[in-house]
Amino acid sequence: MPLAWLALGVVLGLFAGSVWAPPPLALLLLLGAAGGGWALARSAGVRVGLPLLMAAGALLGVLLGGPGLLEPPEFDALERFHGEEVELRGTLNGVAELVGTRVRFRLEAEAVRGRGTWRPSAGAVRVWADADIDPVEGRGHPFLAHGDLVTVRGVLDAPQAIDGFDYREHLAARGIGSELSRGSVVAVEAADGGGVLGAVHAVRTKLADAIARHVPEPQAALTRALVLGMRGSVPPRVSQEFRDAGLAHLLAVSGMHVGVVLGLSLLASASVFGRRRGLYLIAPIVLLWVYVALAGAPPSAVRAGAMGSAYLLALAAGRLTAPLNALGLAALVLLAWDPAALWDRSFQLSFTAMLGVLVIGLPLWRRAQERLPSVRPAERGMRALGVRLGRAVAGGVIVSAGAVTGSLPLVALNFGQVPLLGIPATLIALPVLPLLLVAGVVTALVSSFAPLLADATGLVVAAAGGLIVLDAAVVSRVPGSVVQAGFVTAGWAWASYAVMFAVLAVLNRGRWTEAARGLAAALWRGPSRRVESWAVVAVLAVLAGMLWLGVASRPDGLLHVSFVDVGQGDATLITTPDGAVVLIDGGADPRVTIALLDAALGPGRRRIDVAFLTHPHRDHMGGLLELARRGRIERLVVPPVVAGEDDAWRRELDTLDVSVHEGGEGMTVTFTDGVTVEVLNPPSPPLVGTASDLDNNGLVLRVRIGDAALLFTGDLYADGERLMVDRGAELTAGVLKLGHHGSDRASAAAFLRAVAASIAVVSAGVENPLGQVSPRVLERLGAAVAGRVFETSRHGTIEVTTDGSRWWVATERD
């Protein structure tokens with residue numbers, strides 16, 4: 001089972017890499033230790049190939065992952081408009097589903113209009129709009145298709161939890177960060193075809209209409225959910241009954257549905273082509289992915305398709321005797337493509353259920369078969385039929401129990417309840433599910449040219465769907481069918497899996513105890529030759545060095561803020577407790593800024609997770625642009641366009657490999673360790689007619705961790721400060737970077753009182769054309785910061801550190 005061991009190592013490495021990014025030297029030392037350990041074990045006669053493969057997988061997982069993988073910096077260009085009524089213009093992605101009197105669809109926003117004019121803004125939005133939409137020629141209701149340019153109006157907000165279900169996380173896993181409710185469709189520009197995806201979604205829409213014409217409700221809604229992944233028309237009462245009966249998984253296309261399609265297509269293909277050649281495997285893999293596409297390619301179906309494809313590859317290679325290898329291959333492919341999927345709820349449930357089948361359900365079924373009545377293959381009669389049916393039912397119950405057991409701790413952890421009757425309810429529905437899927441597809445396909453045949457197959461769909469709906473209705477009414485499990489924590493779930501692992505280890509102790517005894521004996525005897533003694537010393541030295549490097553490179557749990565001495569200009573480097581790197585402005589001279597940043601970050605840390613440009617003046621922008629040109633900035637937040645500005649830098653950014661977002665009042669960047677960067681300025685619409693519109697529409701940032709906050713005002717003028725105070729912005733901060741390099745143009749008395757800082761920092765050059773810190777500014781600062789005003793021109797680079805409540809200041813020069 002080499003692929004299973006490799007996949008296990010990748011999973012462990014991803015977990016480790018999510019909290020610690022070891023330096024490259026530590027990884028080399030780990031490789032050296034692993035190689036030395038392998039040589040020692042081989043010399044002692046102990047086989048360690050598979051554990052070593054798992055170690056290699058762990059290294060791969062560490063390299064794929066890294067701090068912040070679990071929850072990368074979360075911000076959306078539309079976030080600043082949350083809670084407001086807006087208009088959005090963008091492209092419709094997928095199929096628009098009718099949900100009662102509303103229509104639901106995904107909009108890839110391209111522009112937004114809040115209180116002012118239209119402005120570019122990117123982000124995916126789940127739209128809920130009134131279904132009363134102006135007709136589009138040649139289309140049926142709701143008259144929307146994939147690729148249409150749609151303008152909508154409504155209230156924009158963050159998705160909210162629904163009855164304990166983390167709806168925001170659910171949408172975030174699909175790349176959606178905002179939701180527009182109480183909406184209406186203002187305008188539709190019909191797409192011309194929509195390309196391949198447009199054709200696929202058009203086929204889905206036509207099939208859904210065909211099912212609605214030939215199948216009664218609610219069976220038609222159930223069939224659209226199972227065949228096409230369209231759940232919007234399922235009545236609320238039916239949805240609730242499926243949840244209470246533990247059958248909610250039937251309504252979401254996932255591994256079970258893909259498995260049914262795979263099994264049916266395998267049987268049909270083998271009966272037509274035979275099993276002598278691998279040709280019979282081509283049709284199942286094609287049908288598998290056609291079904292995934294028709295279902296809308298949700299992440300759960302794509303993952304199940306990958307698992308099914310891995311199973312077919314294992315079957316073609318003659319390695320079916322090791323099904324864990326197929327599962328390991330699927331895991332490797334999926335995690336290599338998207339390492340963050342390891343923390344996705346549906347990914348975890350799919351794989352723990354499949355693991356439960358492979359390591360619990362199937363082994364128990366093999367043991368049970370030895371004790372159950374059996375019949376000869378050629379035997380006929382009622383007794384033989386009863387025995388075969390009994391064995392089939394027993395097998396279904398045992399294998400399903402394995403799937404449920406494998407995922408049970410995660411179900412309890414994520415949903416706070418456990419459907420006790422989910423297994424028998426699923427067992428009742430499973431024999432009917434293939435019939436419903438096949439009849440539903442046939443009904444949809446033949447509707448256009450053989451309506452009478454579609455009516456006949458529609459009756460089959462109605463009967464099969466009716467049985468499943470009845471199953472859910474009856475089971476949901478049984479008292480105690482659902483047990484509340486709100487007490488379950490992550491520790492409880494881990495403990496449950498540890499108990500399962502211990503039980504399986506005891507049951508399969510014959511497989512690993514012999515190797516363990518051999519290794520223990522070799523370690524007890526110690527090295528028998530001089531070369532082995534030196535190998536032991538080398539391995540221990542390497543492990544000690546790796547441990548030292550690991551401890552030295554781990555984040556210290558503090559927020560580090562370095563006001564970098566870049567001469568006349570601004571550049572502030574922030575490192576969060578989890579190791580995320582943030583840069584505010586970049587000084588004037590790229591050579592100076594980048595050299596100082598590289599020295600501060602150390603080897604192996606070159607990427608800037610998020611950078612902020614407060615305003616486009618050369619003494620703030622020069623280093624940032626060069627970093628963007630070198631591909632070292634992941635995301636860049638810039639101020640909005642101001643009339644009359646030179647936008648050559650914006651046009652250049654459009655050509656570079658950097659994700660650019662327009663910042664404004666209301667935007668918040670949140671990191672995994674609780675650090676937030678709040679954008680307090682500019683307002684929407686931008687300020688006009690001030691002393692300097694370019695400076696006063698710059699970004700004002702408030703960085704917060706725990707009870708500690710730092711305020712960065714860029715080159716904001718005094719009138720811009722006054723407007724912020726008048727708007728009631730949250731300005732309090734323990735550390736203030738004085739605006740406009742400490743000149744008298746900024747730092748008005750009312751503004752300083754609102755901030756109430758205890759530490760002030762000025763970033764300016766020795767030959768500051770604006771002069772040193774203005775005496776009038778120092779006077780306005782008053783006794784609150786007496787003796788605690790730090791200037792880069794006198795003190796060099798200034799590092800401020802905080803644990804969320806206390807402050808420490810270190811300077812390059814006294």
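The values are calculated or read from the model by the stated rules, or taken from the named source; none is laboratory data. Keep in mind that what you see is a predicted model, and the values were worked out from it rather than measured. Note: ideal-geometry Cβ built from the backbone for every residue, glycine included; neighbour counts use all protein chains shown. These accessible areas exclude ligands, DNA and RNA; they are computed on the full protein's heavy atoms, side chains included. Shrake-Rupley method; radii C 1.70, N 1.55, O 1.52, S 1.80 Å.
Quick rundown of the values:
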| quantity | calculated |
| --- | --- |
| Filter pass, Arg224 being basic (Lys, Arg), under 15 Å from Leu470 (Cα atoms) and either out of contact with any His (no Cβ under 6 Å at 6 or more places or on another chain) or without any contact (Cβ under 8 Å) to a residue 40 or more places away in the chain (or both) | no |
| Test: residue in segment 593-611 that is under 20 Å from Lys737 (Cβ atoms), under 30 Å from the mean Cα position of the chain (by Cα), assigned to a loop (DSSP other than H, G, I, E, B) and of a type outside the set (Phe, Trp, Tyr) | no |
| Any hit, segment 629-648, residues being surrounded by 15 or more Cβ atoms within 10 Å (Cβ to Cβ), in a helix (DSSP H, G or I) and either modelled with pLDDT under 85 or over 30 Å from the mean Cα position of the chain (by Cα) (or both) | no |
| Residues satisfying the stated conditions in segment 688-709, i.e. open to solvent by 30 Å² or more (accessible area, probe 1.4 Å) and in a loop (DSSP other than H, G, I, E, B) | Val688, Gly689, Thr690, Ala691, Gly706, Asp707 |
| Any chance Val460 is within 38 Å of the chain's Cα centre (by Cα) and either surrounded by 14 or more Cβ atoms within 10 Å (Cβ to Cβ) or under 20 Å from Thr223 (Cβ atoms) (or both) | no |
| Selection status of Ala208, under 28 Å from the mean Cα position of the chain (by Cα) and either open to solvent by less than 30 Å² (accessible area, probe 1.4 Å) or among the aliphatic types (A, V, I, L, M) (or both) | no |
| Members of segment 98-117 found to be open to solvent by 30 Å² or more (accessible area, probe 1.4 Å), closer than 15 Å to Leu149 by Cβ and touching a residue at least 40 places away in the same chain (Cβ under 8 Å), listed by number | Arg106 |
| Of all residues in segment 662-673 being modelled with pLDDT of 85 or more and surrounded by fewer than 23 Cβ atoms within 10 Å (Cβ to Cβ), the one that is farthest from Val755 (Cα to Cα) | Glu662 |
| Matching residues, segment 423-446, being among the hydroxyl-bearing types (Ser, Thr, Tyr) and farther than 19 Å from Met230 by Cα | Thr426 |
| Candidates Ala368, Ala394, Ala401 - the one that is under 22 Å from Asn508 (Cβ atoms), in a helix (DSSP H, G or I) and at pLDDT below 75 | Ala401 |
| Residue tally, condition over 30 Å from Val418 (Cα atoms), open to solvent by 10 Å² or more (accessible area, probe 1.4 Å), modelled with pLDDT of 80 or more and of a type in the set (Gly, Ala, Ser), over segment 133-164 | 2 |
| Candidates Gly480, Gly466 - the one that is touching a helix residue (DSSP H, G or I) at 6+ places or on another chain (Cβ under 7 Å) and touching a residue at least 24 places away in the same chain (Cβ under 8 Å) | Gly466 |
| Counted residues, segment 732-757 - those being under 38 Å from the mean Cα position of the chain (by Cα), modelled with pLDDT under 90 and of a type in the set (A, V, I, L, M) | 3 |
| Ala191 being at pLDDT below 85, open to solvent by less than 40 Å² (accessible area, probe 1.4 Å) and not charged (D, E, K, R) | yes |
| Residue within segment 479-489 that is at pLDDT 80 or above and surrounded by fewer than 15 Cβ atoms within 10 Å (Cβ to Cβ) present | yes |
| Index of the failed condition, Asp578 passing every other in (1) open to solvent by less than 20 Å² (accessible area, probe 1.4 Å); (2) more than 24 Å from His740 (Cβ to Cβ) | (1) |
| Qualifying residue in segment 118-132 (condition: within 20 Å of Val637 (Cβ to Cβ), touching a residue at least 40 places away in the same chain (Cβ under 8 Å), out of contact with any strand residue (DSSP E or B) (no Cβ under 6 Å at 6 or more places or on another chain) and open to solvent by 40 Å² or more (accessible area, probe 1.4 Å)) | yes |
| All positions within segment 445-457 that are surrounded by fewer than 17 Cβ atoms within 10 Å (Cβ to Cβ) and in a helix (DSSP H, G or I) | Leu445, Pro451, Leu452, Leu453, Asp455, Ala456 |
| Single residue of Leu624, Leu601, Leu613, Leu597 found to be of a type in the set (A, V, I, L, M) and surrounded by fewer than 21 Cβ atoms within 10 Å (Cβ to Cβ) | Leu601 |
| Complete set of residues in segment 116-150 that are in contact with a Ser or Thr (Cβ under 7 Å, 6 or more places away or on another chain), farther than 23 Å from Leu294 by Cα and either basic (Lys, Arg) or part of a loop (DSSP other than H, G, I, E, B) (or both) | Gly116, Ala131 |
| Near pairs, Cβ below 8 angstrom, 6+ apart or cross-chain, from segment 573-600 (within 14 Å of Arg632 (Cβ to Cβ)) to any residue that is among the β-branched types (Val, Ile, Thr) and assigned to a helix (DSSP H, G or I) | Gly586/Thr593 |
| Counted residues, segment 369-388 - those being under 48 Å from the mean Cα position of the chain (by Cα) and exposed (fewer than 10 other Cβ atoms within 10 Å of the Cβ) | 2 |
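Table: residues versus (1) modelled with pLDDT under 70; (2) over 20 Å from Val755 (Cα atoms); (3) surrounded by fewer than 19 Cβ atoms within 10 Å (Cβ to Cβ); (4) touching a Gly at 6+ places or on another chain (Cβ under 7 Å).
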residue: Gly771; (1), (2), (3), (4): yes, yes, yes, no
residue: Ser774; (1), (2), (3), (4): no, no, no, yes
residue: Glu779; (1), (2), (3), (4): no, no, yes, no
residue: Ala786; (1), (2), (3), (4): yes, no, yes, no
residue: Phe790; (1), (2), (3), (4): no, no, no, no
residue: Thr797; (1), (2), (3), (4): no, yes, no, no
residue: Val800; (1), (2), (3), (4): no, no, no, no
residue: Ser805; (1), (2), (3), (4): no, no, yes, yes
